[in-house]
Amino acid sequence: MNKTEIQQQGAYARVRGEHMVANPYYKARNMPLSTGESTAEWNEKATAWRRGWEQENYQLDE
């Protein structure tokens, strides 16, 4: 999954009313110790989801 798709997931989560801490990359099963990916790769995904959530949150607050 690319960053754009992950950002869209974050935005959709915000539209559904989920809180920012609902970020799926914060769950143990999606963290580097479980997935085997590097911390940098995981952080890119977690950040992309959060950015999508934040962008949508900004749009909703206008």
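The values are calculated or read from the model by the stated rules, or taken from the named source; none is laboratory data. Note that the coordinates shown come from a computational prediction; the quantities given were computed from them, not determined experimentally. Positions of Cβ are backbone-derived with ideal geometry, glycine not excepted, and every protein chain shown enters the neighbour counts.
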Handout entry: Tabulated pairs, region 43-62, first over 8 Å from G10 (Cβ atoms), second assigned to a helix (DSSP H, G or I) and of a type outside the set (G, A, S), C-beta under 6 angstrom, 6+ apart or interchain
Key = K45/I6; K45/Y25; A46/Y25; N57/R14
Completion exercise
By residue number, the members of region 13-22 that are free of Cβ contacts under 8 Å to residues at least 40 places away in the same chain and in a helix (DSSP H, G or I) are M20, V21, A22
Handout entry: Members of region 1-37 found to be charged (D, E, K, R), more than 14 Å from E54 (Cβ to Cβ) and surrounded by 15 or more Cβ atoms within 10 Å (Cβ to Cβ), listed by number
Key = E37
Handout entry: Failed item, numbered, when L60 is tested on (1) at pLDDT 95 or above; (2) in contact with a helix residue (DSSP H, G or I) (Cβ under 8 Å, 6 or more places away or on another chain)
Key = (1)
Exercise for the section: Among what's in region 29-42 and is among the aliphatic types (A, V, I, L, M) and assigned to a helix (DSSP H, G or I), pick the residue that is farthest from V15 (Cα to Cα). Expected result: L33
